[in-house]
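Computed from the coordinates by the stated procedures, all read-outs in this text should not be read as laboratory data. Just so it is clear, the structure is predicted and the values come from calculations on it, not from any experiment.
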Amino acid sequence: MRRVPALLMAALLLLYLVFTIQYAVRLILDPQPFAKAIGVALLVLPLIGLWVLAVELIFAVRAERLAERLARDGALPVDDLPRLPSGRPDPAEADKRFPQFQAAVEASPDDWASWFRLGLAYDASGDRRRARWATRRAIAISRKR
C-alpha cells in the first residue's frame, strides 16, 4: 500500500528532473557565457537528484524483499504497539521493547534478520536515521550470503 505514494512521488520527481535537464540544455546552447555557466550548474543538480532517487528506490526494494522473506518465515515482530493519533507507534512503548532486538543483534551480529528487526525497532522508536542504518546493514549481510 505504501508503494503507490512512493512511486507517485518518484514519478513526479523524475518529471521535474526531465524538465530541469531540458532547461539546462537550452541554457548551455545559449551563446552567452553566463547562461552556459548557469546551464552547467543546473545540469549537475538533476543528475545528483537522479542518483539519490535511484539509491533510495534500490534501498526500498531490497528492504521490502527482506521484509517479505521474514513474513514468509513468520519471523516478523508482532506489531501490537499502541498508536499515537498520527497512526505512528508510541515511541515510549517501543523503547520498552527495544532491548530485546538489540540483544538479538549482539548475540548474532552476522544475522541479517536480527539487524532488520532492529531497524524496525528503531523505526518504531522514532529514530529513522538508525533505522535506515540497521536496515542497510541487514541488506549488506543478506547480500553476502
(request) Any chance you could give the angle, 0 to 90 degrees and rounded to 10, that helix 33-72 forms with the longest Cα principal axis of the chain? (result) 20
(message) Could you work out the pair-distance distribution P(r) of region 91-144 from its alpha-carbon pairs, with 10 angstrom bin width and percents rounded to whole numbers?
(response) 31, 53, 14, 1
(request) Quick one: angle between helix 112-124 and the longest Cα principal axis of the chain, in degrees between 0 and 90, rounded to 10, please. (result) 80
(request) State the Cα centre-to-centre distance between region 1-60 and region 67-145 in whole Å. (result) 33
(message) Can you tell me the orientation of helix 91-107 relative to the chain, as the angle in degrees between its alpha-carbon axis and the longest Cα principal axis, to the nearest 10?
(response) 80
(request) Provide the descending list of Cα extents for region 1-40 along its principal axes, expressed in whole angstroms. (result) 49, 11, 6
(request) For the chain, report the translational diffusion coefficient in µm²/s to the nearest whole number, using Stokes-Einstein at 4 °C, 1.567 mPa s, and a Kirkwood Rh over Cα pairs. (result) 72
